Amino acid sequence: MSMIGEYARLSPAELERAVQDPRWAWEFVEEHLGAAAADGTPAPGGRLHSTGKMWHALEYLLKLRGVGVNVVHGEEDIPGAEDWGYGPPRTIAPGRVRDAVRAMEAITPEGLIERIPVAELADAGIYPYAGSGPGGRLDDAAAAYQDLTAFFRATARLRHGLLVWIA
């Protein structure tokens, strides 16, 4: 089974409710998953986003580029939240989403992967590149980053926050 990076956009009131009532947060996500495509792909412009298998590569590359917001795992624990796959969800507050957008907009998708060989990620054990050979390209990571940046930008424009988890 693959590990998948997942995001849910919530208004400040919804984010506070999710922190106070993690069960409600799960029900919110399930309701919106029901509106996703049959293959589980979130609807464009919707409340959910997925980085697919690229979550670990994005984490590695964003740290290399000095992004100070934990875009991949979230920043704040939700007390009492249950495991949603590979741990409980975490939150990113609206202000920190805006901070992330400022940092991410300074890095183009091409700039994110510039001068980074696939072998570096493979040698570091970064999923999904671990075990791959020295060849290959990081275009899939750049594309995932472009989509994630757009999702963060839309979230910031609405002054919303995020639930983040690895499923």
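The values are calculated or read from the model by the stated rules, or taken from the named source; none is laboratory data. No experiment lies behind these values; they were computed from the predicted model shown. No Cβ is skipped: glycine too gets one built from the backbone with ideal geometry, and neighbour counts run over all protein chains shown. Heavy atoms of the whole protein, side chains included, go into the accessibility calculation; ligands, DNA and RNA do not. Shrake-Rupley method; radii C 1.70, N 1.55, O 1.52, S 1.80 Å.
General observations
- Criterion: farther than 30 Å from E14 by Cα and under 14 Å from the mean Cα position of the chain (by Cα) - qualifying residue of A122, A142: A142
- Residue selected from region 126-139 under the condition more than 10 Å from L61 (Cβ to Cβ) and under 19 Å from the mean Cα position of the chain (by Cα), by the criterion surrounded by the fewest Cβ atoms within 10 Å (Cβ to Cβ): D139
- Yes/no for G45 being modelled with pLDDT of 95 or more, closer than 20 Å to T155 by Cα, in a loop (DSSP other than H, G, I, E, B) and not acidic (D, E): no
- Any chance L10 is farther than 30 Å from L121 by Cβ, hydrophobic (A, V, I, L, M, F, W, C) and at pLDDT 95 or above: yes
- The residue list E110, E59 contains one member that is open to solvent by 70 Å² or more (accessible area, probe 1.4 Å), at pLDDT 95 or above and farther than 22 Å from P12 by Cβ, which is E110.
- Subset of region 4-18 [small (G, A, S) and open to solvent by 40 Å² or more (accessible area, probe 1.4 Å)]: A13
- Residues satisfying the stated conditions in region 93-113, i.e. outside any helix (DSSP H, G or I) and under 15 Å from R153 (Cβ atoms): A106, I107, T108
- Checking each residue in region 145-167 for being within 15 Å of the chain's Cα centre (by Cα) and among the hydrophobic types (A, V, I, L, M, F, W, C) picks out L148, A150, F151, F152, A154, A156, L162, L163, V164, W165, I166, A167.
- Residues of region 72-107 satisfying the condition of being over 30 Å from E27 (Cβ atoms) and either open to solvent by 50 Å² or more (accessible area, probe 1.4 Å) or at pLDDT below 95 (or both): R102, E105, A106
- Filtered residues of region 116-167 (kept if in a loop (DSSP other than H, G, I, E, B) and of a type in the set (V, I, T)): I116, I126
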